[in-house]
Amino acid sequence: MAEYVELRHDAGGKHQLNFVAGTERISYYDESSYASRTNFASEDPTYAYLDAGAANKDNGGSGTAYKLASYFSKFNYSLADKYLASVTIRRDGSSRFGEDNRFGVFPAASVGWRLSEENFVKNTAPFFSDLKLRAGWGQTGNQDIANFASRGLYQSLLGTLDPNFEYDRGTAYDIFGNDTNLPSGYRRVQQANPDLKWETTTQTNLGVDFGLLDNRLTGSVDYFIKKSEDILVNLPYLAVVGEGGDKFVNGASIENKGWEFLVGYQNELANGLTYSVTGNLSTYRNKLTFLPDEVINAYGGNGQDVTRLGHSINAVYGYVADGLYQNATEVSEGPTQVGAAPGRIRYKDLNGDGKVDNFDQTWITEGVPDFNYGLNLGAGYKGFDVQVFLQGVQGLEAYNNAKFRTDFASIASGENWGERLLDAWSPTNTGSSIPALTLQNSNNEGRASTYFIENASYLKLRNIQLGYSLPATLVSKIKLQGVRVYVQSQNLFTVKSKEYTGPDPEVTNYQYPVPRIFTTGLNVSF
Amino acid sequence: MKILKTSALAISLLALSSGCNDKEFLNVQPTGALSDDQLNTAANIEKQVIATYSQLGNDVYRAPYTSLWPYGNVRAGDAYKGGNGTADVDAFHFYETFTFNRVDVGNTDELWFLIYIGISRANDALRRLETINATAMPNKAIRQGEMRFLRGHFYFMLKELFKRVPYIDETIPTEQYASVSNVALSNDELWTKIADDFRFAVANLPDTQPEIGRANKSAAQAYLAKTLLFQAYVQSDNNAVTSVDQAKLQEVVTLTNQVIASGKYSLHSDFATNFLTAGDNGVESVFAIQFSRNDGTPKGRTDRGNALNYPMNPDYGCCGFHQPSQNLVNAFKTDAQGLPQFETFNNSDLSAPADFQTNTVDPRLDHSVGIPSHPYKYSPSFIFETSWLRDQNTYGVYMSMKENVLPSDPSFQKTPPFMSSSKNWTIIRYADVLLWKAEALIELNRPAEALPIVNQIRQRAQNSTARLKTTTGANISNYRIGQYSAGVWNQAYARQALRFERRLEFALEGQRFFDLVRWGIAADYLNTYFEKEKTKRQHLKDARFTRGRDEYLPIPLNQINFSKGLYQQNPGW
């Protein structure tokens, strides 16, 4: 349900005023149920009704709900299209938060100044066809958590559906010892947090838009600072708390800062050749700026002397792999490391206490690239057109999860082994950086370490397309609007670092590489 | 100004139309769940008691805290890990060989967590029981006794596995859990806390319970006796046994006498009954986990703690873990008097089929160990073959048997890939009560009183050959078992005999390692075992027990980190 009023005021041509105020109520309710049986004598849809199934009667159902109440108002003002201002205030309430914290107030404001409309710019810098300065500041709220996140919850569960691979969470027990009429209790599934409140993100933007040479050359430069505070997180907990120790809390602050550059040039030559070039480059830095004691465990580190504070939310905590042990002497002279042996990964004793342990881990990558970039090229001439899109990431040290499978025979037990293992270290192949073959992972080489950190920079030809449109004169004769044929390829080539051992540096989570796709097409418009 | 006035009016109109009932509007009750407060009624407290019992058996193959087979048997040289080579659940291989065990093995962390779930359920019930008055809940004290019994059980397991653990009871609010260190109590104080729970249970539980699954007074007396027996062996900080507390031993004798005097328990005439579904809640079962199937739950509430331990023949399927060691099989050899060969049993191997005829053996061998060409699980025509083995080259030819049931047993439950059953898992068997008493008497230097008890156990074993027959009705192996005579039965001899008897009687029942640590002999015993066994089994080549460290699992590193360094690691780790 939403209601709003809108007021417009046009005060004599130059002043434009616009005011909107509204309120909104969202009430979400979802309920599901199912029933199933198996062993149908016939799979014919006219036969297979539930009553016809002979075995495994099963059914289930669940429901969930949330509500949002919002008030908002927006005030827009512009003076002579030169000075622009906008102010927004929202007050949002969510059923997901604690009773006294359901509402949050989120103001925002922006101003713009179209310099190119000013006489002093027109006079002194007439090559600017457009020039605008922008500034914005605003807060937004986040309530993206479980619907009953602030509540303490208890549920009954007769028994876990997959008793093989999950520990059973059941609450029923054969107290009578006769396999029937099992009474059941309740288990806690979540702890209450009546203080739970909105996560707030405050963003500040500064930007300039420009156009030169009659807007043939256009572009923009943006700088942003985005700070999220009271970040919502489901807190990991000490085992002594028992099951259902889960608790949503507000905690850390994370700051993102970055630049975005965009520049484009488009032109048409006298001979009818049109072309365009658009490039963009963006860079950001991410940092956890505040980490209250309560939520330290939600963000990695060792909970003691190393926390994520000051590091990126993508940063990975782990050991520093320092090549392979080459012989028994190196092993005996090295720091104590459970499982150390020739051909095994040597981990650095960072604190120099003579043993490799918990306190020899550090942040081994920030997981943030130096910059992202893209380049769009287009041209057209007498019915022919070509479009090229290149995209890249530079300076990203990423965790290559595929290496678990490609470099070890002992970690993903029972799976196919990778080809790289053919070049594994052995006493006669000591130059290899791949650990020696073993069926038993005594050295715990699956641990987070720099062995898995690789340069995942890449440049991809995302898209190249060549097309030809039949001349309009020809097309109209056969009563069509347009006919175009084209050939296209996506991801035709990738330039990547030699250091990256997986097939595709864009996919570091051991899933399928992004496919190369070839397409030919015919567009006909009537 | 006109504009401002209009907008103010508009905002107030909006507020009037929907603003005043926001509080009510946004108050959405959780669906499909109850709140903490709703569970404080007598009926719901009863259910929280059930939920605590339920956690007795909520097991998973990775951290089997019910059967304790990797911790009690594999670490004790009674069984190899088994399965598909050393990498198959490699944590158990690290437990078995000690050398490569680490503080960050995930299975150890999960084990710790699963047991604390039991403690948290018990504390949840106890917290509610404390608030209700006895008029609203007349059996309040009994239920409190049951919950403290179960909490004592969970803490006992943590204690024997980890030594120093955070002790949290129902009086501590959850917000303060993070400030309770695992070394807040001394080793001895922690034992006393556990004993206190059982003392409360003894004082408040009835002699018998209307429901067979509930703990009664005798079960509490028995568990208290077990606790005091462990506590009696005083341990130093580096796990060495420095003295044995005679007063505690005396109390063990008193308590076990009370259990015996209750007249409710006796030894099954046939040892086999303990390991058959038909023996569930029989006369020898003092306290057991009640498993069930076809019980209205999705997959049954079956024994997951032994889910990996069935052989690999078509009748079962998976997974061939928990393989008795050659050393254990050899231990069942008997001498001309039918007595164990304390010093010499491991000088030669029982392995070829003929060996089980040319030597004499204790009948409990064929109750405990699946042996090629021998009938499996008392079924004369169901012959254990080497083709049932998963990885014979690594782990040899024996399989465990006590925990398993026949494929035709009504309690058998296939949940591929793993196998299970609804046969009870016994926590306290009456034979254990008898041998605790015998052990206490021997350590009190009253060995003569222990002799008839040990012989009672052996007499029953001797009588237990009726099910150990081939299809022709002949005995499977050449059994000879005799009783100890008073002539040589001094304290030192009795101690040796008692310790050997426990090994044979409780082989593969999850106890042995904790016995070795209690007696303070784990390091010497296991390093002697490895020295010989590694010449037969390649997977033990790096095995070595580090004295002062390997008596206990490490405190899981995750928990130390989550406690922000409050928890202290066990010595040596």
- Considering each of A:ARG405, A:ARG420 in turn, give the residue that is in contact with a helix residue (DSSP H, G or I) (Cβ under 9 Å, 6 or more places away or on another chain) and among the basic types (Lys, Arg). A:ARG420
- Message: For the range B:390-412, which positions are aliphatic (A, V, I, L, M) and more than 18 Å from B:LEU328 (Cα to Cα)?
- Response: B:VAL405, B:LEU406
- Query: Regarding A:ARG96, is this residue outside the structural domain of A:THR160 (by TED's automatic domain parsing) and modelled with pLDDT of 95 or more?
  - Reply: yes
- Quickly run through the range B:302-317 and pick out the residues that are in contact (Cβ under 8 Å) with a residue 60 or more places away in the chain and open to solvent by 20 Å² or more (accessible area, probe 1.4 Å). B:MET312, B:ASP315, B:GLY317
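Considering the range B:261-278 alone, what residues qualify as being without any contact (Cβ under 8 Å) to a residue 12 or more places away in the chain and either touching an Asp or Glu at 6+ places or on another chain (Cβ under 8 Å) or of a type outside the set (A, V, I, L, M, F, W, C) (or both)?
Matches in the range B:261-278: B:GLY263, B:THR273.
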- Item | Residues (facing another protein chain (nearest Cβ under 8 Å), farther than 20 Å from B:TYR155 by Cβ and part of a helix (DSSP H, G or I)) located in the range B:81-131 | B:ASP90, B:HIS93, B:PHE94
- Query: All but one of (1) open to solvent by 50 Å² or more (accessible area, probe 1.4 Å); (2) assigned to a strand (DSSP E or B); (3) closer than 30 Å to A:VAL388 by Cα hold for A:LYS287; which doesn't?
  - Reply: (3)
- Message: Filter the range A:144-165 down to the residues that are open to solvent by less than 30 Å² (accessible area, probe 1.4 Å) and not β-branched (Val, Ile, Thr) and list them by number.
- Response: A:ASN147, A:PHE148, A:ALA149, A:SER150, A:GLY152, A:LEU153, A:TYR154, A:GLY159, A:PRO163, A:ASN164
- Scan the range A:88-130 for residues that are out of contact with any Leu (no Cβ under 7 Å at 6 or more places or on another chain), open to solvent by 70 Å² or more (accessible area, probe 1.4 Å) and either within 14 Å of chain B (Cβ to nearest Cβ) or of a type in the set (A, V, I, L, M) (or both) and report the count. 6
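Output the residues belonging to the range A:312-330 that are of a type in the set (A, V, I, L, M, F, W, C) and surrounded by fewer than 17 Cβ atoms within 10 Å (Cβ to Cβ). Walk me through how you get there before you give the answer.
We begin by selecting, within the range A:312-330, every residue of a type in the set (A, V, I, L, M, F, W, C); these are A:313, A:315-316, A:320-321, A:324, A:328.
A:ALA328, the sole residue that qualifies.
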- Task: Tell me, yes or no, whether the range A:263-273 has at least one residue that is touching a Gly at 6+ places or on another chain (Cβ under 8 Å), in a loop (DSSP other than H, G, I, E, B), in contact (Cβ under 8 Å) with a residue 60 or more places away in the chain and not aromatic (Phe, Trp, Tyr).
- Result: yes
- Which numbered condition A:GLY170 misses (of (1) of a type outside the set (Phe, Trp, Tyr); (2) open to solvent by 30 Å² or more (accessible area, probe 1.4 Å); (3) at the interface with chain B (Cβ under 7 Å from one of its Cβ atoms)): (2)
- Single residue of the range A:413-456 satisfying the filter (among the small types (Gly, Ala, Ser) and open to solvent by 30 Å² or more (accessible area, probe 1.4 Å)) that is nearest to the chain's Cα centre (by Cα): A:ALA448
- What number goes with the only condition from (1) acidic (Asp, Glu); (2) within 30 Å of B:ASN281 (Cβ to Cβ); (3) assigned by TED's automatic domain parsing to the domain that holds A:GLY245 that A:GLU166 does not pass? (3)
- Task: Report yes if some residue within the range B:465-479 is out of contact with any strand residue (DSSP E or B) (no Cβ under 9 Å at 6 or more places or on another chain), surrounded by fewer than 17 Cβ atoms within 10 Å (Cβ to Cβ) and among the hydroxyl-bearing types (Ser, Thr, Tyr); otherwise report no.
- Result: no
- Of (1) within 30 Å of B:THR66 (Cα to Cα); (2) of a type in the set (Phe, Trp, Tyr); (3) more than 7 Å from every other protein chain (Cβ to nearest Cβ), A:TYR186 satisfies every one except (3)
- Item | Residues of the range B:19-48 satisfying the condition of being closer than 26 Å to A:LEU182 by Cα, facing chain A (nearest Cβ under 7 Å) and of a type in the set (A, V, I, L, M, F, W, C) | B:ALA33, B:LEU34, B:LEU39
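For (1) more than 23 Å from the chain's Cα centre (by Cα); (2) open to solvent by less than 50 Å² (accessible area, probe 1.4 Å), each residue gets a yes or a no:
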site	(1), (2)
B:MET147	no, yes
B:GLU160	no, yes
B:LYS163	no, yes
B:PRO166	no, yes
B:ILE172	yes, yes
B:GLU175	yes, no
B:SER179	yes, no
B:ASN182	no, yes
B:SER186	yes, yes
- Message: Take A:PHE40 and tell me if it is more than 10 Å from chain B (Cβ to nearest Cβ), touching a residue at least 60 places away in the same chain (Cβ under 8 Å) and either within 30 Å of A:VAL208 (Cα to Cα) or open to solvent by 40 Å² or more (accessible area, probe 1.4 Å) (or both).
- Response: no
- Residue list for the range A:43-58, filter: modelled with pLDDT of 85 or more and either within 10 Å of chain B (Cβ to nearest Cβ) or open to solvent by 40 Å² or more (accessible area, probe 1.4 Å) (or both): A:GLU43, A:ASP44, A:PRO45, A:THR46, A:TYR47, A:ALA48, A:TYR49, A:LEU50, A:ASP51, A:ALA54
- Query: Could you list, in sequence order, the residues of the range B:400-428 that are open to solvent by 30 Å² or more (accessible area, probe 1.4 Å) and within 14 Å of another protein chain (Cβ to nearest Cβ)?
  - Reply: B:ASP409, B:PRO410, B:LYS414, B:PRO416, B:PRO417, B:TRP425, B:THR426
- Quick check: anything in the range B:214-236 in a loop (DSSP other than H, G, I, E, B), hydrophobic (A, V, I, L, M, F, W, C), open to solvent by 10 Å² or more (accessible area, probe 1.4 Å) and in contact (Cβ under 8 Å) with a residue 40 or more places away in the chain? no
- Item | All positions within the range A:173-210 that are free of Cβ contacts under 8 Å to residues at least 40 places away in the same chain, open to solvent by 10 Å² or more (accessible area, probe 1.4 Å) and aliphatic (A, V, I, L, M) | A:LEU182
- Task: Name the single residue, out of those in the range A:227-243 being within 14 Å of chain B (Cβ to nearest Cβ) and either touching a residue at least 60 places away in the same chain (Cβ under 8 Å) or part of a loop (DSSP other than H, G, I, E, B) (or both), that is nearest to B:TYR116 (Cα to Cα).
- Result: A:GLY242
- Candidate set from the range A:297-311 (those that are under 20 Å from A:ASN351 (Cβ atoms) and facing chain B (nearest Cβ under 10 Å)); member that is surrounded by the fewest Cβ atoms within 10 Å (Cβ to Cβ): A:ASP305
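The values are calculated or read from the model by the stated rules, or taken from the named source; none is laboratory data. Note that the structure is predicted; figures quoted are calculated from it, not measured. Backbone-built Cβ (ideal geometry, glycine too); neighbour counts: all protein chains shown. Side chains included, ligands, DNA and RNA excluded: accessible areas come from the protein's heavy atoms. Shrake-Rupley method; radii C 1.70, N 1.55, O 1.52, S 1.80 Å.
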